[in-house]
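The values are calculated or read from the model by the stated rules, or taken from the named source; none is laboratory data. Bear in mind that the values here come from a model prediction, so they are computed numbers and not experimental data. Heads up, the Cβs are rebuilt from the backbone with ideal geometry, glycines too, and the neighbour counts pull from every protein chain shown. For accessibility, only protein heavy atoms count, side chains too; no ligands or nucleic acids. Shrake-Rupley method; radii C 1.70, N 1.55, O 1.52, S 1.80 Å.
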Amino acid sequence: MRDVFSATENNPDDRALLISSVFLNGKDALTVQDGARELLGESPKADVRTILTGPDLTSRLTAMGAEVTGRTVSLDHKPGYARAVLLHLWQQRADIHPHLLKWLDTITSPKGAGSDLAAISDLLVELAVAENDIRVVQKVHAWIDNGADSPEHRALIARFLTVAAESDTLGAGVRGLLLDSAQETSKAVATVVALVCRGEFAEHYPRQALVRLRHILDRPEPDEAVRTAQEALRDIAARDGQLPRVWNTVIKWATEKKHLAGHRAFLSLLDPSVDPYVLQVMLAAAELKQDVREALVAGWKAALADTRVEAECRQLLAAWAEVRKTADVPTELMTEIINQVVLDHLVATPVSALIFGEPGVADGEAVIELRKDLRLPPALSSLVSAHEHASAGS
């Protein structure tokens, strides 16, 4: 490998071809050539004399150590070669780091050539582990905010951080970095951490994943990072044997700590419009255990007391009204829980919207049926009836 770099000291075109071969392993030769040109920031040659000058593409690739079979370029016949090339490049040509990361954004974009995100990410992890230097991880981490803000970009870095977090040499440092990153203001950084917590990281470090998700769910605005964290939380809860841990953690956040994260997590977990699994399991448990039923009521009360999640509370009350119409949940128990919550929070905006409706919003049949089934105080029940008559006549 060092011989190749020595032989190409004055030939950046072939060095770029080698780098392109490393990251586009298994692609066709022309795609590898295009990747090299993108790395150099050059367009295809237009001058015929230039095009016809020099060795053929296959000869150049072979000289770089690649194997060309048909149209396919591969380095698989040389185990460790790609890693050695990348390590040499990273150590000896440090100025290329930002350019290389920018180029990786190009080839991993939807229109790019490097569709194998896993292979590219694994190469970067091999580099970090080989260097045994957390600064390599920090440099790739900094790429989150300095690269293309696309799903592919975030997925690539999330996979890199996931694998690095489980390595023997760097794992502890990377896990600490993830904890700090979960508390950053950057939406992109927090979203990447949430993606990590949604993947294999949660299989091996479920408690740590939940801690990092709590920080993200505490963000002031319900942005993309928060939504991704909610998806990650539901994903963890749906895994075999994880729901008890998730539920106990979330209910503690919501009722004891009074975290915004707890209220968001509680409402998200129990939303049947996304996935009814958690709600079905918890209601089934509530039929058998009084403490589970009390926890459901307490979680609702805590959420309704937090004006920052009013919209989510309204949406979940409506979703519960809809799911009551199915045979998959204990209808009577759901109604009793809602009734108890409503009576304790009559002045809360989401409860008021459930009982009286909202101006300009037409309530669905399920909400109207739930309203009729609630056991409200006589005076309030009369007001509701009068309101419904007035609405029907307007």
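If you go through the stretch 251-260, how many residues are surrounded by 16 or more Cβ atoms within 10 Å (Cβ to Cβ) and closer than 22 Å to Val281 by Cα?
The number of residues fulfilling the criteria is 4.
Yes or no, residue by residue, for (1) closer than 24 Å to Ala94 by Cβ; (2) open to solvent by 10 Å² or more (accessible area, probe 1.4 Å); (3) among the small types (Gly, Ala, Ser):
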site: Gly112; (1), (2), (3): no, yes, yes
site: Asp122; (1), (2), (3): yes, yes, no
site: Ala130; (1), (2), (3): yes, yes, yes
site: Ile134; (1), (2), (3): yes, yes, no
site: His141; (1), (2), (3): yes, yes, no
site: Asp145; (1), (2), (3): yes, yes, no
site: Ala155; (1), (2), (3): no, yes, yes
site: Glu166; (1), (2), (3): no, yes, no
site: Arg175; (1), (2), (3): no, yes, no
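Filtering the stretch 354-371 down to residues that are modelled with pLDDT of 80 or more and more than 16 Å from Leu343 (Cβ to Cβ), which residue is surrounded by the most Cβ atoms within 10 Å (Cβ to Cβ)?
For the stretch 354-371, the residue satisfying everything is Val367.
I'm trying to understand the selection: among the residues of the stretch 67-86, which are farther than 10 Å from Asn25 by Cα and of a type in the set (S, T, N, Q)?
Within the stretch 67-86, Thr69 is the sole residue that qualifies.
Restricting to the stretch 243-280, name every residue that is closer than 22 Å to Asp223 by Cα, among the charged types (D, E, K, R) and part of a helix (DSSP H, G or I).
Hit for the stretch 243-280 is Arg264, nothing else.
Starting from the stretch 66-92, take each residue that is free of Cβ contacts under 8 Å to residues at least 24 places away in the same chain and list its partners that are small (Gly, Ala, Ser), counting only C-beta distances under 8 angstrom and pairs at least six apart or across chains.
As it stands, the answer is Glu67/Ser74; Lys78/Gly65, since those pairs meet every condition given.
If you check Leu288 against the conditions, is it among the aliphatic types (A, V, I, L, M) and open to solvent by less than 10 Å² (accessible area, probe 1.4 Å)?
The answer is no for Leu288.
Condition check ((1) touching a residue at least 60 places away in the same chain (Cβ under 8 Å); (2) more than 18 Å from Ser352 (Cα to Cα); (3) among the charged types (D, E, K, R)) across all residues:
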site: Arg245; (1), (2), (3): no, yes, yes
site: Ile251; (1), (2), (3): no, yes, no
site: His263; (1), (2), (3): no, yes, no
site: Ser268; (1), (2), (3): no, yes, no
site: Gln290; (1), (2), (3): no, yes, no
site: Arg293; (1), (2), (3): no, yes, yes
site: Arg308; (1), (2), (3): no, no, yes
site: Leu316; (1), (2), (3): no, no, no
site: Trp320; (1), (2), (3): no, no, no
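Mind listing whichever residues of the stretch 1-31 are under 18 Å from His77 (Cβ atoms), among the hydrophobic types (A, V, I, L, M, F, W, C) and over 30 Å from the mean Cα position of the chain (by Cα)?
Of everything in the stretch 1-31, those that are under 18 Å from His77 (Cβ atoms), among the hydrophobic types (A, V, I, L, M, F, W, C) and over 30 Å from the mean Cα position of the chain (by Cα) turn out to be Met1, Val4, Leu17, Leu18, Ala29.
List pairs: first in the stretch 115-143 and over 15 Å from Ala84 (Cα atoms), second open to solvent by 20 Å² or more (accessible area, probe 1.4 Å) and hydrophobic (A, V, I, L, M, F, W, C), Cβ under 8 Å, 6+ apart or cross-chain?
Between residues of the stretch 115-143 that are over 15 Å from Ala84 (Cα atoms) and residues that are open to solvent by 20 Å² or more (accessible area, probe 1.4 Å) and hydrophobic (A, V, I, L, M, F, W, C), the close pairs are Leu117/Ala155; Ser121/Val163; Ile134/Leu177; Val137/Leu177; Gln138/Leu177; His141/Leu177.
Can you find a residue that is open to solvent by 10 Å² or more (accessible area, probe 1.4 Å), in contact (Cβ under 8 Å) with a residue 12 or more places away in the chain, within 18 Å of Asp145 (Cβ to Cβ) and under 14 Å from the mean Cα position of the chain (by Cα) anywhere in the stretch 189-201?
Within the stretch 189-201, one or more residues are open to solvent by 10 Å² or more (accessible area, probe 1.4 Å), in contact (Cβ under 8 Å) with a residue 12 or more places away in the chain, within 18 Å of Asp145 (Cβ to Cβ) and under 14 Å from the mean Cα position of the chain (by Cα).
Yes/no per residue for (1) among the small types (Gly, Ala, Ser); (2) touching a Lys or Arg at 6+ places or on another chain (Cβ under 7 Å); (3) closer than 26 Å to Ala254 by Cα; (4) part of a loop (DSSP other than H, G, I, E, B):
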residue: Met282; (1), (2), (3), (4): no, no, yes, no
residue: Ala295; (1), (2), (3), (4): yes, no, yes, no
residue: Ala298; (1), (2), (3), (4): yes, no, yes, no
residue: Thr326; (1), (2), (3), (4): no, no, no, yes
residue: Gln340; (1), (2), (3), (4): no, no, yes, no
residue: Ile355; (1), (2), (3), (4): no, yes, yes, no
residue: Asp363; (1), (2), (3), (4): no, no, no, yes
residue: Glu369; (1), (2), (3), (4): no, no, no, no
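Of all residues in the stretch 219-250, how many are surrounded by fewer than 19 Cβ atoms within 10 Å (Cβ to Cβ) and either in contact with a Leu (Cβ under 6 Å, 6 or more places away or on another chain) or among the acidic types (Asp, Glu) (or both)?
The total comes to 6.
Just to verify a result, which residue in the stretch 53-102, among those that are surrounded by 13 or more Cβ atoms within 10 Å (Cβ to Cβ) and polar (S, T, N, Q), is nearest to Arg2 (Cα to Cα)?
Among residues in the stretch 53-102 that are surrounded by 13 or more Cβ atoms within 10 Å (Cβ to Cβ) and polar (S, T, N, Q), the one nearest to Arg2 (Cα to Cα) is Thr62.
I'd like to check which helices (runs of 4 or more DSSP H) are fully inside the stretch 43-137 and have at least 2 residues that are farther than 27 Å from Thr169 by Cα.
Because the criterion is at least 2 residues that are farther than 27 Å from Thr169 by Cα, the helices (runs of 4 or more DSSP H) in the stretch 43-137 that meet it are 48-51, 57-63, 97-107.
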